[in-house]
Every structure is written in C-alpha cells, then in structure tokens.
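Enquirer: Could you have a look at this structure, given as structure tokens, before my questions?
Any read-out appearing in this document is the output of simple, stated calculations on the displayed coordinates, not a laboratory observation. Computed from a predicted structure; not experimentally measured. Neighbour counts are summed over all protein chains in view; Cβ atoms, including those assigned to glycine, are modelled from backbone coordinates with ideal geometry.
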Amino acid sequence: MNKYFSWRRQFLLIDRFWFENRKQFLYMVATTTGLLTVWLGFYLSIWSANLFSPKFQIAYYFLGLAASGALTANFLFSDLRDKPKAISFLLMPSTALEKVIVGFLFGVVVYGLVYSAAFYVVNATMVSLANHFFGTKWEIINIFRLGNYIDPFFDEPANQLFLKYLALHALFVSGGLYFSKYSFFKTSLVFLALWILRLLLPAVYHLFLPLGNFRGALTSFEVFDLNGNKLLEMPGWFNSVFTVFFSFLIIPILWVFSYFKLREKQIV
Amino acid sequence: MKGMVFIKDMHFAYGSTSVFEGIDLTVMPGSVYGILGRNGTGKSTLLYNIAGLLNPQFGSVEVLGFNPADRNPDFLQRIFMIPEEFYLPDVSINSLIRHYGRFYVQFNEERFRHFLALFEIPDHTLLKMSYGQKKKVLISFALACQVSLLLMDEPTNGLDIISKNQLRRAIVESLDDNTTIMISSHQVQDLSNLVDHIIILDNTRIVLHRSIEEIGRKLAFKISPDLEEANAAFFKEPVIGGNILITVNDGETESNVDLETLYKATMTNPEAIQYALND
C-alpha cells in the first residue's frame, strides 16, 4: 500500500471527517449566515443607501470570508489540542498528506462554496430590500465574476483578494497546528505583527535610503536631487519573484509547513 | 521467532525530566506483556513511544519493521492503542462499524459484536453509555481490528470486577501466535493469570523483564511460618500465618507467580531478584 497517498484511505477519511464534524460545520455555516444577516440588516436599518454599493458588497463578502474562514481554519485540526482526540486522530491509519488534503477540501473548497452561497442569499435579499426602500439600483455582485469589480481595500481586481484570503486561511491552519494552546489568539497576534511589519517596511527602508520615494513597487526608488531626480531600479525579475512569492507561493508554503507540522506532531 | 518490538538504548525526557535513560526491550509475538511501575515511571510513555505518539530523543524504536515515528499507514493498520483517557465519538454502534472499522483491513464486524455481547453492551448509541461501557466498546473494537500489536494503557481503570473478568476472557480469546498485547497497569492484581511476560519500570530503567514461566521456574512464592526460612528468603512480608516469601525454586515444578509479591520485591531489592533470576 502506498505510504504517502491512497484514494481508498482518502475517501474513508473524507467520509469520517464529514461524519464526525458535520454538525459543527453546519452550526458554523448557520452562525455565519445569521451574523451576515444581522450585520447587513443593521446597515439596512440605519438607512444609508451607499452601504450597499457593489464596492461595499465586495468588502462585506471578503471581511465575512476572512473572519469566518480564519475561525474554520483554526478548527480544522483542533482535535490535536485534546490528548484523547489527538491520539485517536494521529493513530488513524492514514497519512499526514491525506489528513491535510481533507483539511484543505473542507476548510477551503467546501467552506468557501457554502459561505459564498450563504452570502449570495443574504446579500441578494438585503440589496433588493435596500433598492426597494431607498429607490437605488445597486447591482447584486456576482461572486463568481469578482474580476469585474475593484477591490475596495487594495484597489486592484477583486478576485486577487482570494489569494490574500487563502494566505490568511493557510496562516491560521498552520497556527492551529503550531500552537498547542490559544492557537487562534496567538495566530491572530502573528497576523497582526506581520501586518504592522508590512506597514512599517517602507519607513524602515527610508532610514537606510537617501531622500526620495518608491515609485509603485518596492523595486523602484526615485532619489530626490536638486540637480535632477534619479531613478534607482532593481532588476525586473526581482519584482516578479517578490510578487509571485507573496501572491502565490506563500499559500502552498504554509500548507506544506502544516503538513510537516502534522507529520511530526507528538502528543503533549 | 522474529521480535515484534525492538527498543535499543532509548532515552526519553519531558523537557528536563528524564523518563528513560537507555532502555533496551524486545517484545515477541504471541504474548501478553504486563508493564508495571509506580505512577510517573513511564508506563504510558513507553506505550506512546511504541505507538509513535512520542519520539525518543536518543536511541531507536522499531515496531513490526517500521519506525513508529513515521506513522506509516501500514504500521497504523497493524497496531491499536487504548489510552487511559480515550476518545470515542457519540455515535451508534453501526456508525462506528461503518465509519471507523473500514480503516482496518482485518476489522471483523462479527467479532466486534461477539465482544460487545461478551461485555453485555447494549446495541445503541454511545451517547447514552457510561464511561465503563464506552471503554468496553473501544476494547471490543480494538480486538475486532485483529491488529498485530495491541497497546492497552490502564485498561481496567473504570471497570468493575465483573467487567475485569470479561476483559480477561476477551483477551484470552483473541490471542494467537501473531498477536501481542502490552498492558500497562498500576493495579498489579489485574494482570495476574493474564500476562506471560512482566516488565517492571523504575527510576528511568527497566528493572525486570522476564517471562512468568521463567520466574516461576527459578523463584518460589509461598507462605511460611518458619522464621529461619524467612530470613534466608530474597523477600519476606508478614501476613496472617507467617511470612509471604520469595525463595529460590529448588523443586522441579513451576511455582505460581504472585505478581504483587514479585512487584514489591523488585521495587525493594531489584538486584537480589535479578541475581536469583540470572542464576
């Protein structure tokens, strides 16, 4: 039998995961739907027509996905934080790869689809009500064509936010495996620290660089000079590597980290 | 016969607290091993290392030809651990069979139901069962998986006297030449007439590891009113009617091993017992 992967074991594991966690999963979806309803219902009740523009709908979709997705991600391997459950989980005859695949399947694919469906229903209802009450003609966003909208946070095509969400999700999965206690809180702190670091990075660069400003990317810097500004540019591939790493590679890297963390997990 | 578990020079510590300092152990198939020791001497830790739930800091552990730390699925299919604190989902017996039994290729539903009947477990959901009943379901499930190595950590905890007898019967029924059962317990009497090898742990070491047959052949356990005989014994403890003694077995018949007395003697004077057994 293959010591890394077998379809038979994978299907057994999917079956078992769903059987064991279906109630919690459905509760989580119901809670998320309820919270979305309360949240958007509150905006509806304060009579502000602008709060339902497509730009805001995109923001609600991703904020809800990020918050509930982070919680779901942290819950995926929560069995490992309870010794009797951890023993049962680790000694289940399947590989760490198969267990991580189940986590990805339910945490990313299934949860993402179910959340999107729940959001669509709540959002469509609220936007229709808003249009009815305020006389507006806001379009209901199509969450399967997010590339058609502009991301309200970073001013780029909204579908790129998925990559940021997937990175955040993968970070919380890794945190759930890395920290044996208060993992959600600790991972949130790590996320916060990384975010602050990202905000401070340009300021740190400025300490070491001459007077000037970045031009678009961190690889292009314009030095202010009385005799004429000078443009310092790093090779184009550096920017590509930087973009590819933080947009695409960080996600699989975090999942691979989770895989190795699970493989070497010992009971505490 | 090929060994099932090989432990060589294993060192294990929780942080700075050392549990094992270079232990060696070979476990053969077709036997029931009883692991005894005071609280905190590493009985559970030994089982966790064998199952691959903990990894030694130094030395090696090989079980059924695998490194347990790899948690290879073929290895996991051939072992089962019943921990002292266990987890069983609150599902029906049928769901347990359908969603959990299929992970073990040798799982036998008929056998599972047979052991459930032996333990007098009703066929309903685990949600309504007591701790002891759940434990018996887990033991039945483990025995039905027909694994090569069954690790039981304090299996008699939470079981009443009748259930302990049922457990004894179930273990005897499931034994064959290819199966090994390792049972840790601090209730020495629970292992009497059940194990055929004894392992006693103390102070980071295995202080005794022998077969019951060898112990019974080399040592004699008896109650004697004779003071002179008591003074010559390896171990004596006053009881009604004289002293309970461990002496050299001079006779040709195998003595009945009194595990409790052997345990006390080993904890009091391990060198003397080792000396007598090595002779």
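Enquirer: State, to one decimal in nm², a quarter of the convex hull surface area for the C-alpha atoms of segment A:63-128, i.e. the direction-averaged projected area.
Expert: 5.1 nm²
Enquirer: So for the protein assembly as shown, taking the charge dipole from beta-carbon charges (+1 Lys/Arg, -1 Asp/Glu), which of B:Val19, A:Leu171, A:Ala59 sits furthest toward the positive end?
Expert: Among B:Val19, A:Leu171, A:Ala59, the one farthest towards the positive end of the dipole of the protein assembly as shown is A:Ala59.
Enquirer: Averaged across the residues of B:200-209, what count of C-beta atoms belonging to other chains lies within 10 Å of each residue's C-beta?
Expert: Mean number of neighbouring Cβ atoms from other chains: 0.
Enquirer: Continuing with this model, one more query. Counting other beta carbons within 10 Å of each residue's own, what order do B:Met4, B:Met129 fall into, fewest first?
Expert: Fewest-to-most Cβ neighbours within 10 Å comes out as B:Met129, B:Met4.
Enquirer: In whole Hz and in residue order, list the ³J(HN,Hα) couplings for segment B:19-32 that follow from phi through the Karplus curve 6.51 cos²θ - 1.76 cosθ + 1.60, θ = phi - 60°; x for Gly and Pro.
Expert: 9, 10, 10, x, 8, 10, 7, 10, 10, 9, x, x, 9, 10
Enquirer: Relative to the longest principal axis of chain B, what angle (0 to 90°, nearest 10) does the C-alpha long axis of helix B:131-144 take?
Expert: Result, in degrees: 80.
Enquirer: Over 22 Å apart: what share of the alpha carbon pairs of segment B:5-203 falls there, rounded to a whole percent?
Expert: Tail of the P(r) past 22 Å holds 47 percent of the pairs.
Enquirer: Treat every Asp and Glu Cβ in segment B:39-147 as -1 and every Lys and Arg Cβ as +1, leave all other atoms uncharged, and give the resulting dipole magnitude about the Cα centre to the nearest 20 debye.
Expert: 160 debye
Enquirer: Right, something else. Distance check, please: which entries in B:Lys135/B:Lys164; B:Lys8/B:Lys43; A:Lys83/A:Lys265; A:Lys265/B:Lys136; A:Lys85/A:Lys181; A:Lys83/B:Lys43 exceed 22 angstrom between their Cα atoms?
Expert: A:Lys265/B:Lys136
Enquirer: Same structure again: Taking H as built 1.01 Å from N, whose amide H comes closer than 5 Å to the amide H of B:Ser92, not counting residues under 5 places away?
Expert: Hits under the 5 Å cutoff: B:Leu126.
Enquirer: Would you pull out the residues with amide H under 5 Å of A:Ile150's amide H, same chain only if 5 or more places away, H placed 1.01 Å from N?
Expert: A:Ala158
Enquirer: Give me the distance between the Cα centres of segment A:120-181 and segment B:1-40, rounded to whole Å.
Expert: Spelled out, the Cα-based centre of one part sits 54 Å from the other.
Enquirer: Please rank B:Ile212, B:Ile139, fewest neighbouring Cβ atoms within 10 Å first, as an exposure proxy.
Expert: Listed from fewest to most nearby Cβ atoms, that is B:Ile212, B:Ile139.
Enquirer: Please give the net charge around B:Asp90, taking every other residue with its beta carbon less than 14 angstrom from that of B:Asp90, where Lys and Arg add +1 and Asp and Glu add -1.
Expert: Summing Lys/Arg as +1 and Asp/Glu as -1 gives +4.
Enquirer: Skipping prolines and chain starts, which residues have an amide H placed within reach, meaning under 5 Å, of the one on B:Arg210, given they are 5 or more residues away or on another chain?
Expert: B:Ile198
Enquirer: Given the convex hull over the Cα atoms of the protein assembly as shown, what projected area results after averaging over all orientations, in nm²?
Expert: That works out to 36.1 nm², a quarter of the Cα hull's surface.
Enquirer: Less than 11 Å Cβ to Cβ from A:Gly175, Lys/Arg counted +1 and Asp/Glu -1: what total charge do the surrounding residues give?
Expert: Overall, the nearby charge balance is +2.
Enquirer: Sticking with this structure for a sec: Per residue of A:85-97, how many C-beta atoms from partner chains lie within 10 Å of its own C-beta, taken as a mean?
Expert: Other-chain Cβ atoms within 10 Å of each residue's Cβ, averaged: 6.
Enquirer: While we're here: Treat every Asp and Glu Cβ in the protein assembly as shown as -1 and every Lys and Arg Cβ as +1, leave all other atoms uncharged, and give the resulting dipole magnitude about the Cα centre to the nearest 20 debye.
Expert: 2260 debye
Enquirer: Which helices, taking whole DSSP H runs in chain A, have alpha carbons extending 18 angstrom or more along the helix axis plus mean Kyte-Doolittle at least 1.0?
Expert: Within chain A the helices that satisfy the rule are A:111-134, A:161-178, A:183-208, A:250-263.
Enquirer: Looking at the protein assembly as shown, send over the antiparallel percent of its DSSP beta bridges, to the nearest 5.
Expert: Rounded to the nearest five, the antiparallel share is 70 percent.
Enquirer: With the radius of gyration and the Kirkwood radius both derived from the Cα set of segment A:7-263, what is their ratio Rg to Rh?
Expert: Rounded to two decimals, Rg over Rh is 1.05.
Enquirer: Taking beta carbons within 10 Å but only from partner chains, what does the mean come to for residues B:72-78?
Expert: Shielding by partners across B:72-78 averages 5.
Enquirer: Expressed as a rounded percentage, what relative contact order does segment B:213-278 have, with Cα pairs under 8 Å and six or more residues apart?
Expert: Relative contact order, segment B:213-278: 38 percent.
Enquirer: Need one number for segment A:180-268: average projected area of the convex hull over its C-alpha atoms, nm².
Expert: Directional mean of the projected Cα hull area for segment A:180-268 stands at 8.2 nm².
Enquirer: A follow-up question, please. May I ask for the net charge around A:Leu13, where only other residues with Cβ less than 10 Å from the Cβ of A:Leu13 are counted and Lys, Arg are +1 while Asp, Glu are -1?
Expert: Local charge sum for A:Leu13: +2.
Enquirer: Taking the DSSP beta bridges in segment B:5-203 as the whole, what percent of them are antiparallel, to the nearest 5?
Expert: 40 percent
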